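Here's the structure we're looking at; comments come further down.
Each value in this text was obtained by applying a stated rule to the coordinates, not by laboratory testing. Only a predicted model underlies this, so the values are computations on that prediction, with no experimental measurement involved. Neighbour counts run over all protein chains shown; Cβ positions are idealised from the backbone, glycine included.
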Amino acid sequence: MRTVALTALLMTCGLTAACGTYASHVEADDAALGRVVVYRNGIAFYERTAQVTDGRLSLTVPGDKINDFLKSLTVKDAKTGETLPVSFPTAGNNASDGKVEMQVQIAEPGVHDVVLTYITESPAWKPSYRVMVAGDDVKIQGWAIVDNTSGEKWDNVRIGVGSSSALSFRYDLRSVRTVFRETLKGEDRFAVAPPTGGSTYTTDGRRVQVLANVDSAAIPSLDDDAFEPYLESTAQLGDNTGGGRRGHGTKADGNRRATTGATAAPAPPPVAELAAQLNRSSGKVMIEGYAGEGERDAELRSSDRANWLRNELIREGVAPARLEVVAKGKVEGQGAGVRLVQAEEPGSPELADGDPIGESHFQSDALVTVDKGTSAMIAIMDDKADGDIVYLYDAESARGNERYAFKAIRFKNPTDSTLETGPMTVYGDGRFIGEGLSEPIPPHATAVVPFALDREIVVDREGSTEDRIARLVTLQRGVLRTEVQHTKQTRLKVTSLLHKDTVVFVRHTVRKGWKLVKSPETYEQTGEAHLFRVALKAGETKTLEIAEATPLVKAVDVRSPAGVELVRAYLEGGDEVDARFAEPMKKLLAIHTEMANITQSIEGARERVEEFRARMNELQGQIVSLDGVRGGNSLLKHLQQKLREMSDRVQQDTIAVVDLQQQLMLARIRFQDGVSELSFEERTAAAAPPQS
């Protein structure tokens, strides 16, 4: 019989053997450690060989490592490849020293070579890279730092490092599992116990966490008149401010509260703080909108409120695909407003930069000896690569820069394995020129790794946003609900201060829910990030324009200046404009233009009146000064004539203002009447947010 004892990390192997009727001590290398492969996920793979002469092999394993051993152990006859069975005592029957003895049975007599493989816990290996640049030649060296904490010496072992994308976990395979079966008796009666109390909130079968509550008074809304159709009556609202428009949160409403001494309107919700909180987490977020008592069209009102918060969070940088609007309408005991909740259900794990991509496997070409308690650097690659020195503009990363581009090494991974995240030291012409940290680089993929900031590529960055109606949903009494294409535009002016030609790569990430609608044609894509290539001559400046869009659902007051401009731009677009809306709206826009012209005329007349009155005051003073002055009669008469002319012109303009105001009132009534009569509802659409 042969006994193999595995130490705390299953690496030390002390053997004793009994052949026939006698026993003798056999050294550890009789169950030789032939190969070690260390992974980046906290495990290592071991391969050992042993020789069995009496049909049985005994393995001694520490009890706290038995589960890893059981789930991964393979024992094969090296000659036949036959898998051999293993027996072990049931849990609770450990030896006093906490070790478990396992038996491998070999039925056939004679000498057998046995191969054992298994995994166990191990420190992760650490990658480190060197990049040597000499003219157009690029060479990459890779090193793996491995730590031998096993308690045994790795003597002449072939060491490899493996895929960090392999999953690994703990799992109990040794404990005896019994299945509980309930004992029932027909005559028994059971009292049903209540569930344990707590603060858990569920919706649609999902457990959720409430992140924020926003009162409707803190949500900016359309003008009061635009929401007349929602109000049952001002009396039902019981508003003590005199206006009866509780909960709209308009500026006028807030001013009215302040002047009457009532409680001031709540402050606007901290959208920026909410967005920052969401960007530090992952998963779907539900925005629940609620209507209040006394509001008609509760579904639409609750949808308007929820969509407003969704739109604002998107403007603050939250990915649109994460935000889901739920219009709750009227809910008993729930006031008008918005509730932001996040599901606490497991989903697909979010991968961050630096997480594993694909598989990697490198193995040392030579046998290596590593003493116990020491570490070693193992060469894993030394290859030429296609690459060159470029610049990378990265204003998005945590350590990025909005003003200058980084000097970077751009190269192609020459291996069939992923190069894991690790420090990368760059040498140029035999000297150190910088160092960077790479993200995982898939096989034969191109990477750009920044290593210096020399401020010779300067970037001026400008940003703007634009909303354009893409689709109409409903129009009721001046409230137009639309799907708006919200476009975010980035303009970059890239200037080279170098005295030679160079290439700059601009990194731009398109987050989930956004769509790239305008960009430079040449780019490479890595995950959600795009790399746009810009070739610059010495001292040259080039401008890049990048635009991305996402759909928003928005309620627009067609009587407001912003609403009119949105509608005008939509009608002027000319594509797929519904005639039911276009024809009457064009007439209303003509009236609106007439109103704008009249208003401009009124303002011009009032400005002239003010100028004339100021001049009249000057003339009055001059006339008083000339009174009684010898020889000033002719001048006095001239000034008095000008004063009468000024007075006549003031009177004419004052009459004109009154006339214009009457025209404006008539035009406004015609406009309001037209808006009230105008209604529209898309036959197949609902006022729901677009789902990305």
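Across segment 353-484, Cα-Cα distances exceeding 18 Å account for 69% of all pairs. With θ taken as phi - 60° and the Karplus curve 6.51 cos²θ - 1.76 cosθ + 1.60 applied, the whole-hertz 3J(HN,Hα) list for segment 549-566 is 10, 9, x, 10, 9, 9, 9, 10, 8, 5, 8, 7, x, 5, x, 4, 5, 4 Hz, x standing for glycine and proline.
Listed by chain and number, the lysines placed with their C-alpha closer than 25 angstrom to that of Lys586 are Lys554; residues fewer than eight positions away on the same chain are left out. For segment 291-298, the Karplus equation 6.51 cos²θ - 1.76 cosθ + 1.60, evaluated at θ = phi - 60°, returns couplings of 9, x, 5, x, 10, 7, 6, 4 Hz by residue, with Gly and Pro reported as x.
Histogrammed with a bin width of 10 Å, the alpha carbon distances of segment 579-681 distribute as 14, 28, 19, 15, 11, 8, 4, 1, 0 percent, first bin at zero. Here the alpha carbons of segment 457-573 define both size measures, Rg and Dmax, at 18.8, 64 Å. Residues whose amide H lies under 5 Å from that of Gly34, counting only those 5 or more places away or on a different chain, are Glu47, Arg48, Thr49; hydrogens are built 1.01 Å from N in the peptide plane.
With coordinates expressed along the principal axes, the C-alpha atoms belonging to segment 383-443 extend over 36, 27, 18 Å, beginning with the largest.
Near the amide H of Glu82, within less than 5 Å, lie the amide hydrogens of Asp77, all on another chain or at least 5 residues away, with H placed in the peptide plane.
Straight-line reach from Lys500: taking Cα to Cα under 17 Å and skipping same-chain neighbours fewer than 8 places apart, the lysines in range are Lys407, Lys537, Lys542. Amide H to amide H, which residues 5 or more places from Val484 or on other chains are under 5 Å from it, using H placed in the peptide plane? Placed amide hydrogens put Ala470, Leu552, Val553, Lys554 under 5 Å from Val484.
Note that segment 527-625 shows a convex hull volume over its alpha carbon atoms of 270 Å³ per residue. With neighbour counts taken as other beta-carbon atoms within 10 Å, the residues Glu295, Glu108 rank, fewest first, as Glu108, Glu295. By the Cα gyration tensor, segment 275-347 has an equivalent ellipsoid whose semi-axes, rounded to whole angstrom, run 24, 13, 9 from largest to smallest. Note on Lys153: lysines with a C-alpha under 24 Å away, same-chain residues under 8 apart excluded, are Lys65, Lys99, Lys126, Lys372. Phi-derived couplings, Karplus 6.51 cos²θ - 1.76 cosθ + 1.60 at θ = phi - 60°, listed residue by residue for segment 123-130: x, 6, 6, 10, x, 8, 10, 10 Hz, with x used for Gly and Pro. Dividing the radius of gyration of the alpha carbons in segment 95-158 by their Kirkwood radius gives 1.22 for Rg/Rh.
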